[in-house]
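Report on one structure; see the data block that follows.
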Amino acid sequence: MSWTWDFRGFLKNVPDQVIIDRTGMDQLPLIVDLLSQKYRGNVELVDIGGDCMIRFGSTNVANMSYLAVYIHFIRVTEGFLEVEGNISIPTVLKKKCTFYGIVNGKRQDCIFHDRGLDKVLGGRVYETRTAFCLVCRLQECTALEIAFGMETEGIQSVCGKINSMRFSPVADVLPHQYAYREGWLLKIEGNRLCCRRTGRDVLRSCEQRFLEQTAELAPEKAAWIRNIRREYFRRKDLKKRQIWLFFDRQDKGDDNGEAMFSYVCSLRRTDLEACFVISRESPDFKRIASIGPVVEALSFEHCVLLLLADYILTSQLNGYVENPFGEYEEYFRDLSHTPKVIFLQHGVTKDDQTKWLNRYNQNLHALVVSAQAEMDAFLNRGYFYREDQIWLTGMPRYDRLDSEKKSLSKYILVMPTWRKVFMEQKYDNKTHTYRWMPRDSFSSSRYVGKYHSLLNNKKLQKYCIKYGYKIAFMPHPIVMPYREIFQADSSVETFPLHTSWGELFSRGSLLVTDYSSVAFDFAFLKKPVVYYQFDRKDFFASHSYAEGYFKYKKMGFGEVVEEEEKLVSLLGKYMKNGCAMGRIYRERVGRFFAHPKGGSCERIFRKIMEKDIVTEEQRDDRAESEVQV
């Protein structure tokens, strides 16, 4: 779609059907918005008997029943069924519409929330995606049939389709899909969510019908799916203790996942089974196996344990952490996403990650933070987690950092983050996963050019020789495999990718970075940081996150420079003074971190072991909307 927004006069001369065809019916709210601009808001809503037709001039655009209902979560708990999702409505019709649930033929109101899901183009909100929650009481009830309706200026419509989003345990993508929750069988049939109390005999027949459809697949894939599901059900019946899975990167440990795994293994508890998941090809595989049980990433065992797990503790999200099933993940929808995911993070969140890290996109059980400012950002911006889900514990790997330990050697670490605009995800046939690879524009980018120039700067080299320092270039792990493109001077060193963070920070005397959260780890050690931000405006406009609460010049742990000449001169001054962190920056470090003395792993473990408590606000919301069916 290549429309722009300053064309009301232009639209006047474009036939309605051209606007519809060019936009596509999958973008109905945008079509309605464009036609509303063309007709200056004069929309006609026509009762066609059981539905409402949207009409502009003489053009019948679509029925209201065509608008999509999205289901994000379905929960059966404590005698209630909760259905949470959002409805798509053209913004120009928002005030004319009322959305509601239809439970066993009876209308029931929903609870509504703004969850920041609206669609915007050219600064104009054209599609309102209001989030809703429908709560039904299950006592003395054996079956529920739930549909969704819309009243538009008194005209009733029943939504024609339910779309299952990532965390919905049931969908209609495959024939005979079902899910089983707390004694209830869930299915989506047409435009209805059907729920009924079910015994094991019915479940067995449902599972048999579901597995029969794998006959259409290649024999080895069909057998793989059937074996994983059968093994899951077999072990589930035998399971006597909790299973906790720990993750860092697929090819590397040494992050918060490993630190937490090491702590839990040291407790030697008999009431839980802890396993770390990592590629067998990783240099860290054997080392982590000496700590505790290790499972090969993407293996059969990984797939089964992911479905059986009670908790996932991870420094990474998405990818192999949640989906080792690849293109066949729909065959495991009913069993996936049941573990409680605790995001240990792989760095302090200082930027606006609301699009990626919000509850609708990640559905975390809890999220670990290291500072009050970080916690406040998660609670006050559009992440939509409750306060009891944001744990101000500090990251596990901070327990391994020793702020009193002196540098083992004199290195100036240059560690910039990556640039999304110059990278693209491609499927790697060797690892059977998608990974980031450089675009054609990468090598000629300003990003590569600036760091190539810095890493070959003759004045910087002279400073290093004069004061006895070395330069080590360690770009973001996504960029690391392509570091030769930067063509650094032969005097610049690069540590192997599997080098531990602890060793790296111990070797480093000063850190040069741009926007990387690695600066927080380095500053935690009271070592100086310099931010080299030559592309600040372009970076936040094109990267995977926007600028957040952290203001570098007011809150940063070192100077912010934009020009190479000033950066080199500043580095020369630091080297001359033994790379000591300035007093103002040491004070900022002390104010920022909530727990500067470690103990993060213990705090996280205690949080996990606490019982979940339903907040008073949740009880009030539930009581307000519940209905006896």
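See the values below:
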{"item": "Some residue of the stretch 252-260 being in a loop (DSSP other than H, G, I, E, B), without any contact (Cβ under 8 Å) to a residue 40 or more places away in the chain, under 30 Å from the mean Cα position of the chain (by Cα) and surrounded by 15 or more Cβ atoms within 10 Å (Cβ to Cβ)", "result": "yes"}
{"item": "Filter result (under 28 Å from LEU364 (Cβ atoms), of a type in the set (Val, Ile, Thr) and open to solvent by less than 50 Å² (accessible area, probe 1.4 Å)) within the stretch 145-193", "result": "ILE146, ILE162, VAL170, ILE188"}
{"item": "Residue satisfying condition, being closer than 28 Å to HIS498 by Cα, open to solvent by 40 Å² or more (accessible area, probe 1.4 Å) and either at pLDDT 95 or above or touching a Ser or Thr at 6+ places or on another chain (Cβ under 7 Å) (or both), within set GLY394, GLY319", "result": "GLY319"}
{"item": "Helices (runs of 4 or more DSSP H) contained in the stretch 514-577 and holding at least 3 residues free of Cβ contacts under 8 Å to residues at least 60 places away in the same chain, of a type outside the set (Ser, Thr, Tyr) and within 30 Å of GLY468 (Cα to Cα)", "result": "564-576"}
{"item": "Residue ID - least open to solvent (accessible area, probe 1.4 Å), chosen from residues in the stretch 362-373 that are within 22 Å of GLY590 (Cα to Cα) and of a type in the set (S, T, N, Q)", "result": "SER370"}
{"item": "Members of the stretch 486-497 that are outside any loop (DSSP other than H, G, I, E, B) and crowded, with 17+ Cβ neighbours inside 10 Å", "result": "PHE486"}
{"item": "Failed item in (1) over 25 Å from PRO339 (Cα atoms); (2) in contact (Cβ under 8 Å) with a residue 24 or more places away in the chain, with ASN163 passing the rest", "result": "(1)"}
{"item": "Which numbered condition ARG115 misses (of (1) more than 18 Å from GLN139 (Cα to Cα); (2) modelled with pLDDT of 95 or more)", "result": "(2)"}
{"item": "Members of the stretch 199-217 that are under 32 Å from the mean Cα position of the chain (by Cα) and not in a helix (DSSP H, G or I)", "result": "LEU217"}
{"item": "Only listed residue being modelled with pLDDT under 95, out of contact with any Cys (no Cβ under 6 Å at 6 or more places or on another chain) and open to solvent by 10 Å² or more (accessible area, probe 1.4 Å), chosen from ASP376, ASP399, ASP388, ASP352", "result": "ASP352"}
{"item": "Matching residues in the stretch 241-267 - criterion: being under 13 Å from ARG287 (Cβ atoms) and of a type in the set (D, E, K, R)", "result": "ASP248, LYS252, ASP254, GLU258"}
{"item": "Test result for ARG439, crowded, with 18+ Cβ neighbours inside 10 Å and out of contact with any Lys or Arg (no Cβ under 8 Å at 6 or more places or on another chain)", "result": "no"}
{"item": "Strands (runs of 3 or more DSSP E) wholly inside the stretch 31-85 containing at least 2 residues that are of a type in the set (Ser, Thr, Tyr)", "result": "69-77"}
{"item": "Residue ID - surrounded by the most Cβ atoms within 10 Å (Cβ to Cβ), chosen from residues in the stretch 575-603 that are of a type in the set (Lys, Arg) and closer than 30 Å to LYS462 by Cβ", "result": "ARG586"}
{"item": "Which listed residue, of PRO477, PRO481, is in a loop (DSSP other than H, G, I, E, B) and closer than 29 Å to ASN256 by Cα", "result": "PRO477"}
{"item": "Residue in the stretch 537-574 that is most open to solvent (accessible area, probe 1.4 Å), counting only those that are aliphatic (A, V, I, L, M) and farther than 22 Å from LEU454 by Cα", "result": "ALA541"}
{"item": "Near pairs, Cβ below 6 angstrom, 6+ apart or cross-chain, from the stretch 411-432 (open to solvent by less than 50 Å² (accessible area, probe 1.4 Å) and at pLDDT below 90) to any residue that is among the aromatic types (Phe, Trp, Tyr) and part of a strand (DSSP E or B)", "result": "MET423/TRP436"}
{"item": "Count of the stretch 200-238 residues which are open to solvent by less than 40 Å² (accessible area, probe 1.4 Å) and under 23 Å from PRO324 (Cβ atoms)", "result": "12"}
{"item": "Search result, residues across the stretch 265-303 that are under 26 Å from LEU335 (Cα atoms) and touching a residue at least 60 places away in the same chain (Cβ under 8 Å)", "result": "SER279, LEU298, PHE300, CYS303"}
{"item": "Residue in the stretch 332-351 that is hydroxyl-bearing (Ser, Thr, Tyr) and closer than 27 Å to ALA541 by Cβ present", "result": "yes"}
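The values are calculated or read from the model by the stated rules, or taken from the named source; none is laboratory data. Computed from a prediction, not measured in an experiment: that's the story for all the values here. Note that each Cβ is placed from the backbone with ideal geometry, even for glycine, and that neighbours are counted across all protein chains shown. Note: areas computed on protein heavy atoms with side chains; ligands, DNA, RNA excluded. Shrake-Rupley method; radii C 1.70, N 1.55, O 1.52, S 1.80 Å.
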